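Input: a single structure, listed below in structure tokens.
The values are calculated or read from the model by the stated rules, or taken from the named source; none is laboratory data. These numbers were taken from a predicted model, which means no experiment stands behind them. FYI the Cβ positions are ideal-geometry reconstructions off the backbone, even for glycines, and counts take in every protein chain you see. For accessibility, only protein heavy atoms count, side chains too; no ligands or nucleic acids. Shrake-Rupley method; radii C 1.70, N 1.55, O 1.52, S 1.80 Å.
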Amino acid sequence: MTGNQPSDDGPAPTEGLVVVSNREPYSHTYEADADAEEGDDSTEREIQVQRPVGGLTAGLDPVMQAASGTWVAWGDGDADREVADERGRVRVPPEDPAYTLQRVWLSDEEVEDYYYGYSNQVLWPLCHGDVGNITYEPRFWQRYEEVNRRFADAASDCVERDDSEDDGLIWFQDYHFGLAPAIARSQVGDETTIAQFWHIPWPSLESFEVCPQHHQLLEGLLANDLLGFHVDPHCAHFLECVDACIEGAAIDWDEGRVIHDGHETLVRSFPMGVDTDRIERLAGSEGADDFWADFRESRAIAPDATVAVGVDRLDYTKGIPERVRAVEHLLETRPEYRGEFVYVQKASESRSQIPAYRELQREVSETVERVNDRFGTDDWQPIVGVTEMLPAESLYGLYRHADLALVSPVRDGMNLVAKEYVAAQVANDGALVLSEFAGAVEDLGNYAYTINPYATEEFADTIHEAVTDSPTDRKRRMRQLRQLVAAYDLDAWMDDIFGTVTDLRSDRRGAETDAAGRTEQS
Ligand code: G6P
């Protein structure tokens, strides 16, 4: 199992692992009961379990099962409390319990100010370099601090302390926990390794300094032993911010090490991957083919149409209106695409309580409608929207059968859709059109068709190039992409992180032994 083999360097870091994320890996919800009358509590409602479909939560689940650790997360399912014990704990997976999910309960005000407020109206736009979209209220910060403390307390309580030299690993995920590492450090001491993976970009110093609490955030994060970003430029930005804002911090720029207040933090990139084996298996399955056949028929997509796909959360960082404008420009300037080209946009609603997200939803609907009104005919619709949740097999079937993917964020930490699309190309016949501003371009930029999402004309030309390139060239590019994506998949990413933690621990033990030796001699 990933990263969990015992080694000569002491216990594997996954032993006693405590993962902390805002979203939970399993959530319990009441099934909607069509027969129940409103206000009628006489019948017991069925509880269903929502499981991770992909990404980190799905990938970490087997690691947690093998490590029998604890996962700390916000319990946001409406039936979460009913199945948890009085401390908010529930064993998962439900059918074969192997580890503990420690739920943290948040009040409506906490959700409002910590999640919708500081996390998603301050840190999210800030880290994506979109300072114009920042909305700041003092109470957002206050509540972010309080909630970080609650998660840090819960994580510290879960660490199993014994007499061994390495007292477990707390692994924080993402920007929801900018302060929690320092709070946890003050509780668990130095024997526990604390690591964090920041899944979104780290901005330039000029952007970062806009944040009123930039100093506190850096102090919080420097309590980690290991801080991971997807790509090197984000690490470099972080170190530049530390250099400018934290007095007395010593930085080893080559190694990515920061020493501050006697504590050392290693800052390194780990370009997150996807579960290529699973995606390939599902993309090549009969179910995937059946989905595609039904989908094409139900959406009246002609068998010989050229199909492009985009899959996104409805977020202003994803460059969806820019992409639709490029499709519009393509249809406008190259009439041969009319009636022949279909763009399938799968979009999932996200963070709708925030005005900027509602505005984006409106803009996307209006832009799509405009293009469809302008070019659509009785038997052809240029843009097909998909809003329903698709099971993994269907999603990968959609990727597998689409001739190209349009991944055009205006800023993105990595963008795993790009890698999932590549992994699903079991016949090597798709093409990836990828934004220069996605972290994935660092890995895939040489073989993808790269674009600037704002350069509408060039974007449309690149779509044309990807469609009309010779099948040999397209296959050559896709083969290279698939090799890259398979070589550093989700397992490799986790192994890299856990392996780095093991190395950090043995370095630390080595340094302690040296220091003890020096004391004895003196
Ligand atoms: C990004 C973040 C994740 C987050 C996801 C969905 O990928 O890096 O931490 O879970 O968006 O957003 P949501 O706000 O729905 O959790």
Exercise for the section: Would you please list the contacts, defined by Cβ atoms under 9 Å and residues six or more apart or on different chains, that run from a residue in the range 204-217 that is under 24 Å from F437 (Cα atoms) to a residue that is open to solvent by 80 Å² or more (accessible area, probe 1.4 Å) and among the hydroxyl-bearing types (S, T, Y)? Expected result: C211/Y136
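In this structure, does I251 turn out to be outside any helix (DSSP H, G or I), more than 30 Å from E160 (Cα to Cα) and touching a helix residue (DSSP H, G or I) at 6+ places or on another chain (Cβ under 7 Å)? First the steps, then the outcome.
On the way: outside any helix (DSSP H, G or I): yes; more than 30 Å from E160 (Cα to Cα): yes; touching a helix residue (DSSP H, G or I) at 6+ places or on another chain (Cβ under 7 Å): yes.
Yes.
Name the single residue that is farthest from the ligand (Cβ to nearest atom) among those in the range 113-127 being open to solvent by less than 10 Å² (accessible area, probe 1.4 Å) and not hydrophobic (A, V, I, L, M, F, W, C).
Initial filter on the range 113-127 (open to solvent by less than 10 Å² (accessible area, probe 1.4 Å)): 113-114, 117-120, 122-123, 125-127.
Filter again for not hydrophobic (A, V, I, L, M, F, W, C), leaving 113-114, 117-120, 125.
Working: D113: 15, Y114: 12, G117: 12, Y118: 13, S119: 8, N120: 6, P125: 13 Å.
For the range 113-127, the residue satisfying everything is D113.
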Handout entry: Residue list for the range 91-103, restricted to those being open to solvent by 10 Å² or more (accessible area, probe 1.4 Å) and either closer than 21 Å to V159 by Cα or in contact with a Lys or Arg (Cβ under 7 Å, 6 or more places away or on another chain) (or both)
Key = R91, P97, A98, T100, Q102
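Counting just the residues of the range 73-90 that are open to solvent by 20 Å² or more (accessible area, probe 1.4 Å) and part of a helix (DSSP H, G or I), which one comes out nearest to N22 (Cα to Cα)? Spell out the reasoning first.
Keep residues of the range 73-90 that are open to solvent by 20 Å² or more (accessible area, probe 1.4 Å), which gives 74, 76, 78, 81-83, 85-87, 89.
Remaining after also requiring part of a helix (DSSP H, G or I): 81-83.
Numbers: R81: 17, E82: 20, V83: 19 Å.
Looking at the filtered set, the residue picked out is R81.
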Practice task
Output yes when any residue across the range 130-149 is surrounded by 18 or more Cβ atoms within 10 Å (Cβ to Cβ), of a type outside the set (K, R), over 30 Å from G439 (Cβ atoms) and touching a helix residue (DSSP H, G or I) at 6+ places or on another chain (Cβ under 7 Å), and no when none is.
Solution key: no
Exercise for the section: Residues being of a type outside the set (S, T, Y) and in a strand (DSSP E or B): count how many of those fall in the range 272-307. Expected result: 1
Handout entry: Complete set of residues in the range 358-383 that are closer than 30 Å to S470 by Cα and surrounded by fewer than 19 Cβ atoms within 10 Å (Cβ to Cβ)
Key = N372, G376, T377, D379, W380, Q381
Completion exercise
Matching residues in the range 281-313 (open to solvent by 20 Å² or more (accessible area, probe 1.4 Å) and either of a type in the set (G, A, S) or within 20 Å of the chain's Cα centre (by Cα) (or both)) number 9
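From the list E219, E209, E240, E264, which one is closer than 18 Å to F177 by Cβ and among the acidic types (D, E)? Write out each step before concluding.
Values: E209 fails: closer than 18 Å to F177 by Cβ; E240 fails: closer than 18 Å to F177 by Cβ; E264 fails: closer than 18 Å to F177 by Cβ.
Only one candidate passes the filter, namely E219.
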Exercise for the section: For the range 254-266, state whether one or more residues are open to solvent by 30 Å² or more (accessible area, probe 1.4 Å) and within 21 Å of P203 (Cβ to Cβ). Expected result: no
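In the range 348-365, which residues are away from the ligand (no atom under 16 Å from the Cβ) and either more than 25 Å from Y337 (Cβ to Cβ) or in contact with a helix residue (DSSP H, G or I) (Cβ under 9 Å, 6 or more places away or on another chain) (or both)?
Let us first name the residues in the range 348-365 that are away from the ligand (no atom under 16 Å from the Cβ), namely 359, 362-365.
If the condition is that a residue be away from the ligand (no atom under 16 Å from the Cβ) and either more than 25 Å from Y337 (Cβ to Cβ) or in contact with a helix residue (DSSP H, G or I) (Cβ under 9 Å, 6 or more places away or on another chain) (or both), then E359, R362, E363, V364 are the ones that fit.
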Practice task
Starting from residues that are free of Cβ contacts under 8 Å to residues at least 60 places away in the same chain and of a type in the set (A, V, I, L, M, F, W, C), keep the ones in the range 324-340 and report whichever is nearest to the ligand (Cβ to nearest atom).
Solution key: V324
Handout entry: Selection count, the range 169-189, where residues are in contact (Cβ under 8 Å) with a residue 24 or more places away in the chain, open to solvent by 10 Å² or more (accessible area, probe 1.4 Å) and outside any helix (DSSP H, G or I)
Key = 2
Completion exercise
Scanning the range 309-320 for residues that are touching a helix residue (DSSP H, G or I) at 6+ places or on another chain (Cβ under 7 Å) and not in a loop (DSSP other than H, G, I, E, B) gives V309, G310, V311, D312, I320
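Is it fair to say V242 is touching a helix residue (DSSP H, G or I) at 6+ places or on another chain (Cβ under 8 Å) and not in a helix (DSSP H, G or I)?
On the way: touching a helix residue (DSSP H, G or I) at 6+ places or on another chain (Cβ under 8 Å): yes; not in a helix (DSSP H, G or I): no.
Taking the combined requirement at face value, the residue does not satisfy it.
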Problem - Scan of the range 7-53 for residues that are assigned to a loop (DSSP other than H, G, I, E, B), closer than 26 Å to D157 by Cβ and either at pLDDT below 80 or more than 16 Å from the ligand (Cβ to nearest atom) (or both), ordered by number - result: P11, A12, P13, T14, E15, G16, L17, P52
Handout entry: Qualifying residue in the range 466-485 (condition: open to solvent by 10 Å² or more (accessible area, probe 1.4 Å) and within 30 Å of R257 (Cβ to Cβ))
Key = yes
Exercise for the section: Confirm whether D153 is touching a Phe, Trp or Tyr at 6+ places or on another chain (Cβ under 6 Å) and either within 16 Å of the ligand (Cβ to nearest atom) or part of a helix (DSSP H, G or I) (or both). Expected result: no
Handout entry: Condition broken by R505, with the remaining ones in (1) modelled with pLDDT of 95 or more; (2) within 30 Å of the chain's Cα centre (by Cα); (3) open to solvent by less than 50 Å² (accessible area, probe 1.4 Å) satisfied
Key = (1)
